[in-house]
Amino acid sequence: TSEYCSSIAISELSADVLRDLPTAQRFALDIGGSLSKIVYQSKRKWRKTFVVYDENTDSHLYSTQELEKEADCLHFIKFETRLLENCLDFIYDNLKGSDGRGLEILRNSPLRVTGGGAHKYRLAIEAKLGCVVEKEDEMTCLVRGCAFMLKHIPGELFSYEHDSSPPCCFADELSDGGEPFLLVNIGSGVSMLKVENETTFTRIGGTSLGGGTFWGLGSLLAGTSDFDELLEIASQGDHRNVDMLVGDIYGSESASSVHGLSADIIASSFGKASKADCKEFSKPDLLRSLLITVSNNIGQLAFLYASRHQLRRIVFAGFFIRGHLLTMRTLTYGVNFWSQGSVKAYFLRHEGYLGAIGAFVRGLEKDRRIGVLTGSWAENLCTSSSFDVGSWQGMAALELDKRKELTDFPLLRDRLDYVPDTWDLSQDLSAREYWLNCFEASIDRHQQRAVLSQPDSPSATERGEAFRLAYQNFFKEARANPVAFGQLTVRRILDVQEHCLRESGFPDPFWVLKREENEVALDGLQSRLSHLASLPSADLPAALIRGLLGGNVFDWGAGRVAELLAEHGKQFGLNEAMEQLQPRPWLVDDLDAWTSRLKAGVYTCAIVFVDNSGCDLLLGVLPFAIDLLDRGVKVILAANHGPALNDVTIFELRALIRRVGSFVPRVADALSSGRLLLAGTGSSSPCLDLRYVSVEVADACRQEQVDLVVIEGMGRAVHTNLYAKFSCDCLKLAVLKNAWLADRLGGNLFSVICSFEPAAAAAVG
């Protein structure tokens with residue numbers, strides 16, 4: 001990640017922040033009095049692994065090719081407005097250097113600009129870049145930007161919780177776009193907007209006592225006009241030396257008995273200053289009192305407007321906040337105090353970019369280019385700057401990468417109650433320390449695997465080192481600031497790993513290993529099916545579950561399993577894996593309940609979220625799916641779109657099932673008749689966030705009337721979705737291949753999770 005220092009010129013910014021500027025397609029600016037923000041769209045070239053299936057070859061199941069693919073990216077940059085001319089020079093030079101095509105593209109449509117500087121700098125921008133500037137309404141851009149961030153960035157929204165460490169608690173309560181909320185923009189003054197949806201809002205009030213009030217009076221009191229210096233000085237003060245408290249009037253012991261008020265509540269801001277010369281007070285104490293005065297006033301007014309319009313949620317934004325802890329604490333306290341906890345205060349990780357992305361979206365709409373924003377966007381966790389709570393400089397750069405259109409999984413019992421991650425490492429200190437150490441210890445292993453995956457590339461070793469440094473930097477930041485990239489979870493750590501690999505030019509480090517394991521497993525499939533066919537029908541469901549669990553042991557992301565596989569190689573097969581499993585009764589053992597339900601013949605269609613390649617898929621999941629097909633149940637096998645560890649991708653799955661169909665007629669018939677469907681989830685993660693699945697998966701669940709959800713694997717069924725509730729029956733299967741995790745759940749290494757939850761149980765919760 002590239003850090004931005006306000007003291008350096010734009011031309012001295014790290015090349016990483018502006019590396020895609022020569023391919024920029026479109027710009028938008030938000031020019032404030034002190035800070036300016038740019039968002040631009042570019043075409044980024046990625047290395048991607050393509051699976052090629054040839055039915056006429058006997059050498060391999062399939063071949064893979066690594067090719068470059070172009071994709072849209074959005075880049076956000078923050079800098080001081082005084083450096084605007086430097087920035088314009090930098091943009092001009094880069095666009096001119098790209099054969100002049102960049103300037104030609106820029107000049108084809110108006111440049112959308114919002115903020116107070118849109119008028120002030122219009123002529124300078126037009127003269128420098130040769131384009132037409134069109135000003136966009138600030139409030140409209142703010143709302144559109146807020147809606148965009150909430151929709152596309154998980155962990156964008158957070159509340160300030162003083163008793164938590166760190167004090168940021170992330171939420172997902174506004175991304176549904178349902179219930180209206182109050183958006184409070186604190187700039188020089190304060191505007192309060194009732195937001196119905198991304199296009200409908202009303203300014204319902206405001207106040208002139210805002211950020212400009214603190215800035216102006218603070219400058220008079222402290223003798224400096226640097227806003228961030230004023231905040232820093234205020235953080236060192238004690239407002240109780242300046243403010244008159246309830247306890248100062250009634251005494252600390254009798255205050256609560258007089259009015260039911262705590263003795264430390266402020267009765268009069270600056271009340272003590274009336275009884276003494278202001279020179280007796282320190283600058284830090286005066287500034288802290290001033291900051292609290294302004295923030296308390298805004299918090300109380302926000303509550304009153306929210307109450308009048310029956311709004312339960314308030315989102316604060318604007319340059320006044322800047323991630324400053326004391327400001328967020330005071331605003332939150334004011335809302336909580338006056339509402340008695342009935343109204344919740346929220347803040348945004350990237351609030352500084354709302355105006356810029358809003359102007360960008362408005363430009364696309366006016367130019368009838370809204371197709372650019374179709375699909376979903378994901379935060380690039382490798383190239384974006386970290387979020388440093390307490391410092392506005394923490395989000396100097398942000399990058400969003402375009403991905404497939406994603407939507408909610410339709411079978412979640414309650415989308416708003418759904419929390420994908422089982423543990424919040426931001427708040428769980430022991431879990432955080434363990435998992436950060438665990439994953440950091442695996443860096444060398446993944447670096448070696450990545451380099452070995454590209455034996456013919458002369459740059460592989462150098463890029464492998466780049467991956468190592470980028471991933472190590474993440475762990476350094478996560479230890480210093482657990483909320484550096486939003487809510488810290490195992491899923492987030494694994495996502496960072498995949499992002500760092502992709503940025504370093506390693507789209508699929510496990511492709512060779514996956515193909516080898518798939519070939520070995522295919523050789524044993526016929527024997528496995530024959531063995532299962534020989535079993536009494538009463539024993540078959542348990543044997544299938546045990547085989548699926550045994551297959552799930554084959555997970556190269558688990559350190560102990562990687563050691564076993566490296567030590568025993570091809571000698572470690574499905575039978576050996578099943579021998580590792582915990583004897584029954586399992587840690588979570590709903591096998592009997594599942595068997596009884598299965599034999600009742602109640603299912604129409606099942607969706608199975610698959611995990612690893614090789615034995616897991618072909619000897620575990622596939623026989624399980626074939627049995628469902630034999631029972632008259634349609635089956636959807638859902639696999640990742642993008643690579644992650646040794647997880648099978650949808651492209652590999654299609655090739656494998658076609659090959660299986662060549663010698664297992666039941667599979668070929670089910671595939672051709674539409675009783676067996678294959679779908680990509682839209683994910684590139686070893687975990688599963690059901691807030692973001694492909695439209696393909698969501699539509700298939702509705703059209704095929706899915707009434708059984710099967711989730712397998714430690715990443716998808718334990719690290720995520722362990723407590724997820726569904727509107728239909730759900731079967732979660734996993735082997736605990738990590739000793740610490742097993743102990744946390746009350747088990748041992750290779751303990752088994754076999755959790756079956758009927759829809760009726762899910763309904764009562």
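Just a few scattered comments:
- Whole-percent carbon and sulfur share, accessible surface of segment 510-757, 1.4 Å: 49 percent
- Among the GluC sites (Glu not before Pro) found in segment 180-253, those both in a DSSP coil and sparsely packed, with 15 or fewer other Cβ atoms within 10 Å of their Cβ, are 196, 253.
- Heavy-atom accessible area per residue - segment 141-208, 1.4 Å, Å²: 35 Å²
- Options 123, 133, 152, ranked by Cα towards positive dipole end of segment 111-158, top entry (Cβ charges): 123
- Probing with 1.4 Å while keeping every protein chain in the model, the per residue accessible area of segment 611-765 equals 28 Å².
- For segment 80-169, convex hull volume per residue from C-alpha positions, Å³: 164 Å³
- Rounded Å value of the spacing that divides the Cα centres of segment 346-361 and segment 128-156: 6 Å
- Max-minus-min Cα coordinates of the chain on each principal axis give 94, 73, 45 Å, with the largest extent listed first.
- Angle in degrees between helix 460-480 and the longest Cα principal axis of the chain, rounded to the nearest 10: 50 degrees
- Note that segment 625-634 has calculated 3J(HN,Hα) couplings of 5, 4, 5, 4, 4, 4, 8, x, 9, 5 Hz, one per residue in order, obtained from phi through the Karplus relation 6.51 cos²θ - 1.76 cosθ + 1.60 (θ = phi - 60°); glycine and proline are x.
- Within-11-Å neighbourhood charge of residue 195 [Cβ basis; K, R +1; D, E -1]: +1
- All other residues whose Cβ lies under 12 angstrom from that of residue 335 are scored, Lys and Arg at +1 and Asp and Glu at -1, for a net of +4.
- Percentage, to the nearest whole number, of Cα pairs in segment 510-757 over 26 Å apart: 32 percent
- Within segment 275-381, the trypsin sites (Lys or Arg not before Pro) that combine a DSSP coil assignment with at most 16 other C-beta atoms in a 10 angstrom radius are 312, 368, 369.
- Loop-located chymotrypsin sites (Phe, Trp or Tyr not before Pro) in segment 663-765 (DSSP state other than H, G, I, E, B) with a sparse environment of at most 14 neighbouring Cβ atoms within 10 Å: 663, 723.
- Leading residue at positive end of dipole, the chain (Cβ point charges), from 500, 558, 694: 694
- Backbone amide hydrogens, once placed in the peptide plane, bring residue 346 within less than 5 Å of 314, 315, 316, excluding anything fewer than 5 places away on its chain.
- For residue 50, residues with placed amide H under 5 Å, excluding near neighbours: 65, 66, 67
- Residues of segment 429-504: accessible area per residue with a 1.4 Å probe, Å²: 43 Å²
- Overall form of segment 400-475 per C-alpha gyration tensor (a/c, 1.5; a/b vs b/c): oblate
- Given +1 at the Cβ of Lys and Arg, -1 at the Cβ of Asp and Glu and no other charges, the dipole of segment 429-504 around its Cα centre is 220 debye to the nearest 20.
- Rounded to the nearest 20 debye, dipole of the chain from Cβ charges on Lys, Arg, Asp, Glu: 1480 debye
- Pairs of alpha carbons in segment 611-745 separated by more than 19 Å make up 51% of all such pairs.
- Segment 429-504, accessible surface, carbon-and-sulfur percent (1.4 angstrom probe): 52 percent
- Helical runs assigned H by DSSP (4 residues or longer) give the chain a calculated mean residue ellipticity at 222 nm of -12000 deg cm²/dmol, each run adding -39500 (n - 2.57) before division by the residue total.
- DSSP-defined antiparallel bridges as percent of all bridges, segment 510-757, nearest 5: 25 percent
- Segment 396-462 and segment 101-115: distance between their alpha carbon centers, rounded to Å: 36 Å
- Over 26 Å (Cα to Cα) - which of 48/514; 599/732; 634/732; 476/732; 45/96 fall in this group: 476/732
- Euclidean distance between Cα centres, segment 581-629 to segment 263-306, Å: 63 Å
- Among 703, 594, 750 - extreme Cα towards positive end, dipole of segment 510-757, charges at beta-carbon: 703
The values are calculated or read from the model by the stated rules, or taken from the named source; none is laboratory data. Treat the numbers as computed from the prediction; the structure is a model and nothing was measured. Positions of Cβ are backbone-derived with ideal geometry, glycine not excepted, and every protein chain shown enters the neighbour counts. For accessibility, only protein heavy atoms count, side chains too; no ligands or nucleic acids. Shrake-Rupley method; radii C 1.70, N 1.55, O 1.52, S 1.80 Å.
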